[in-house]
Amino acid sequence: MFFISDVPAAAAEPTAIVVTASRAPQAQDRTPATVSVLDKRKLERLGEPLITNVLRLLPSTAVAQSGPAGSITEVRIRGAEANHTLLFIDGIRANDPAAGNIPRFELLGADLADQVELVRGPQSALWGSEAIGGVIALSSNSAAGASATAEAGSFEFGRLSGRGGIKSGDVTAVLAAGYQRATGIDSFDGPDGDKDGYNNLSLRTRVSWQPSQAVELGLTGFAVRGRSEYDGFEDFVRADTDDLTRNRLGAVGVSGRWQADGWTIRGGASLLGSRNRNLLDGEFVNQTTGGRNALTVQVDRALTTGQVSHRLIVALDADRERFTAKDDVYGGATDQKRRRSHLAATGEWRAELGPLVTALALRRDAFNRFKDATTVRGSALLGLGGGWAATASYGEGIAQPTFFDLYGFFPGSFIGNSDLRPERSRGWEGVLRYAAGPVRASAVVHRQRLRNEIVSVFLPDFLSSTANATGTSRRAGLELEGEWQLSPTLRLSGSYAYLKASERQAEGDLAVRELRRPKHSGSVSVDGSAGRWTYGTSMALVGDRRDLDFDVFPARTVTLDSYWLGGARLAYRLSDRLELFGRVANAFDRNYQDVFGYRTEGRSAYAGIRIGSGG
């Protein structure tokens, strides 16, 4: 786990503090890393119930949702794979070891976050495995006060949420909870099929005690419980089935900090557990469970030599993961019980001399199941004056094989490969930024290549397995991002990304365009307040992309059409404590698919009430 820091509510301002671009919090405008932030004001004004809906607004972030809300959702950053995104929730690593170490975005209600932060590009030299495409951090603030929200609308959607925060002496505590449900639509057959709905419950808490200026102790935790209906396969063909999955994911973490005379010593521990239970027609099919115990110690030294300010950081991390699987359908043939452990040492050096900022990180990961890995990251920022700055970065990333990759899961069809090596990536980026007064803007050019990619292979005995590809996958692109605070009541934000992503499974093969990665994507959003009115509206562009049709054999490649996805929320404050609001989703009633063959909801409308007090 890393250590969280209070983030000002006006996180889009130049003084915003980011917590994943380095092993220690730093000002967004002084980090060479490419960071995007969605602050608390924007999240509240847009009013989206699920985190996945706001991730579409971030540059180079491709969201693939397999059906209506609550369905399996994959997020790919800069063309990387779905398990190449590292997720933190209030400082706790939240990728699910029982589901291939992917983040479970479909389970995450927006009540889990007061701020969303995205750092793009390889970050394994700081955070280790899975940080190839980038890192997403959901964090909460410590504002006092209480609020409650109720909302209902189309597809029998209902949502209840509440939040309370107190500060008494040296103690600050926040507790938030949210529940939402919907009957949804049929994702396969259309209006005549059975509806595939979902429900989820989200809880989070954060408590800190600061008995002195030098000492702070903290407790954080989150829990998610979800139930999702979906259409699966029958006789190897996609069908309108009565599949159901029940998921649980939760974690608790403790941390401590001591700071004096330029020294900062931090320590922390976290426990995470998950369970994914699958049923068909109400009967148990199979189940996977996982867990991760993690420890970290970090020493941070700030010092000055002449006119240069330095920050030296040394961190030691250790974790142990466990995985179990069992089934009824295959007579227990999938039953497994696996464990693995991992140690890492990280060193980071940052230096500032006037307009120049440099950063260098080096990490060594020692695995007990496969070959160890060393990663490096180097970057620099140069202020050019007049609000302009240029940055350049080189970074490396790794992703360890999942338990599924190593040991298999489906008997009679898929077996694992215990000889796999971690996937390795390296990439660079160049950035030109502008930040002055009410305007922030950036242009990014990036390039990345992936080696040892873990791919599916077919064996002579008609079984399938996994192997490290001998070819190299390449990603390159352009990102434009901007924000303009036109007035105290109006903020305009926008982004555009171009991506070219291709893969070669074997050296010498022709490059093939990657699936589910749009070449063109972008977003525009407007939010603000005027008098008693508060508003937020957004449009996300998803360009055409390739996918596979598994309803025929062999599977054929298809092209999914591009679409605009628009939404808006308008609220009116009746009093200091009472607010009424309305919201519309998919405002243009687009008939779109993120994954071939899985339908999504059309236009929908919602209304609600919010009661609040305090900050």
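Scanning the range 485-507 for residues that are surrounded by fewer than 21 Cβ atoms within 10 Å (Cβ to Cβ), over 17 Å from G427 (Cα atoms) and within 25 Å of the chain's Cα centre (by Cα) yields a total of 3. Looking at the range 317-328 only, could you name the residues that are within 17 Å of F404 (Cβ to Cβ) and more than 25 Å from the chain's Cα centre (by Cα)? A325, K326, D327 - these are the residues of the range 317-328 that are within 17 Å of F404 (Cβ to Cβ) and more than 25 Å from the chain's Cα centre (by Cα).
Screening the range 296-305 for residues that are touching a residue at least 24 places away in the same chain (Cβ under 8 Å) and over 22 Å from the mean Cα position of the chain (by Cα) and picking the one that is surrounded by the fewest Cβ atoms within 10 Å (Cβ to Cβ) gives L303. Just one of the listed residues (E117, E74, E151) is charged (D, E, K, R), closer than 21 Å to D594 by Cα and not in a loop (DSSP other than H, G, I, E, B), and it is E74. For D549, the requirement of being more than 20 Å from L160 (Cα to Cα) and without any contact (Cβ under 8 Å) to a residue 24 or more places away in the chain is not met. None of R475, R449 is in contact (Cβ under 8 Å) with a residue 24 or more places away in the chain and surrounded by 19 or more Cβ atoms within 10 Å (Cβ to Cβ) except R475.
Just to be sure before I move on: is R599 over 30 Å from E423 (Cα atoms), assigned to a strand (DSSP E or B) and in contact (Cβ under 8 Å) with a residue 24 or more places away in the chain in the structure I sent? So R599 does not fit the description; no.
Annotation note: of A345, A361, A269, the sole residue that is in contact with a helix residue (DSSP H, G or I) (Cβ under 9 Å, 6 or more places away or on another chain), in a strand (DSSP E or B) and farther than 21 Å from G100 by Cα is A361.
For the range 81-97, the condition of being over 24 Å from I185 (Cβ atoms), among the hydroxyl-bearing types (S, T, Y) and at pLDDT 95 or above holds for at least one residue. Looking only at residues of the range 501-526 that are assigned to a strand (DSSP E or B) and in contact with an Asp or Glu (Cβ under 9 Å, 6 or more places away or on another chain), we find that the one that is nearest to V54 (Cα to Cα) is H520.
Whenever a residue of the range 272-283 is part of a strand (DSSP E or B), its partners that are among the charged types (D, E, K, R), lying with C-beta atoms within less than 6 angstrom and at least six residues away or across chains, give the pairs L272/R292; S274/D96; R275/R248; R277/R246; L280/D243. Checked against (1) part of a loop (DSSP other than H, G, I, E, B); (2) surrounded by 15 or more Cβ atoms within 10 Å (Cβ to Cβ); (3) not aromatic (F, W, Y), S465 meets all criteria but (1). For the range 181-201, the set of residues classified as under 24 Å from the mean Cα position of the chain (by Cα), polar (S, T, N, Q) and surrounded by 18 or more Cβ atoms within 10 Å (Cβ to Cβ) consists of N200 only. Residue pairs whose Cβ atoms lie under 6 Å apart, sitting 6 or more positions apart in sequence or on different chains, and linking a residue in the range 323-337 that is small (G, A, S) to a partner that is at pLDDT below 90, are A325/T334; A325/Q336; A333/P411.
The values are calculated or read from the model by the stated rules, or taken from the named source; none is laboratory data. Everything numeric here is computed off the predicted structure, so don't read it as measured data. Glycine also receives a Cβ, built like all others from the backbone with ideal geometry; neighbour counts cover every protein chain displayed.
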